[in-house]
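Taken together, the values in this text are just the output of simple stated rules run on the coordinates, not laboratory data. The model shown is predicted, which means the values in this text are computed figures rather than measured ones. All Cβ positions, glycine included, derive from the backbone under ideal geometry; neighbour counts span all protein chains shown.
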Amino acid sequence: MTRTRRELRIGTLLVVLALTTFADSPIAQSAAQKLPDAVTADARHYTVEFEDDIVRVLRVRLPAGESAPAHAHAAYCAIEITDSSLRDGNGPVSESKAGQVFCGDATSHAPRNVGQGLAESIVVEFKNRQRAR
């Protein structure tokens with residue numbers, strides 16, 4: 001490997017490391033962090049089932065036709081209790097099946113239940129984490 005190619009690889013590695021570090025820094029806080037958390041924003045639909053210094057476990061119950069105000073979640077995993085059809089703003093409908101499990105990075109949303117029945121799920125939020133992995 002020539003010196004210029006090696007320098008290019010090292011430079012690329014440094015840029016990747018800097019971007020990775022910056023992504024977790026307070027300077028790079030997302031809009032999700034500026035919104036209230038789910039329970040503060042909407043205690044009617046979001047209840048705390050368990051909480052310690054590592055996780056907070058929420059039960060979400062959103063009846064058909066109802067909406068939750070905009071709020072934020074830390075990195076999370078969710079377990080769907082019922083089938084659901086949710087829409088965030090004017091975005092596409094997100095269809096989930098009972099038993100489905102998925103994880104995601106910190107996010108914000110304002111879900112609306114556009115389905116015919118109750119949308120219920122358990123959400124495990126990982127405290128002080130922006131990324132699920």
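Things worth noting here:
- Here the spin labels are modelled as points 7 Å beyond Cα on the Cα-Cβ line, and at Arg59 and Leu118 they lie 0.9 nm apart.
- Computing FRET efficiency as 1/(1 + (r/R0)^6) for Asn128 and Arg44, where r is the C-beta to C-beta distance and R0 is 25 Å, gives about 0.40.
- For the stretch 74-92 versus the stretch 46-70, the gap between their alpha-carbon centres in whole angstrom: 12 Å
- Gain upon complete extension [Phe102, Asn90; 0.36 nm per residue less C-alpha separation]: 2.1 nm
- Cβ-defined net charge surrounding Val114, 14 Å radius [Lys, Arg +1; Asp, Glu -1]: -2
- Cβ-based net charge around Glu51, under 11 Å, with every Lys or Arg adding one and every Asp or Glu removing one: -2
- Alpha-carbon gyration tensor eigenvalues x 5, square-rooted, for the stretch 35-126, Å: 19, 14, 12
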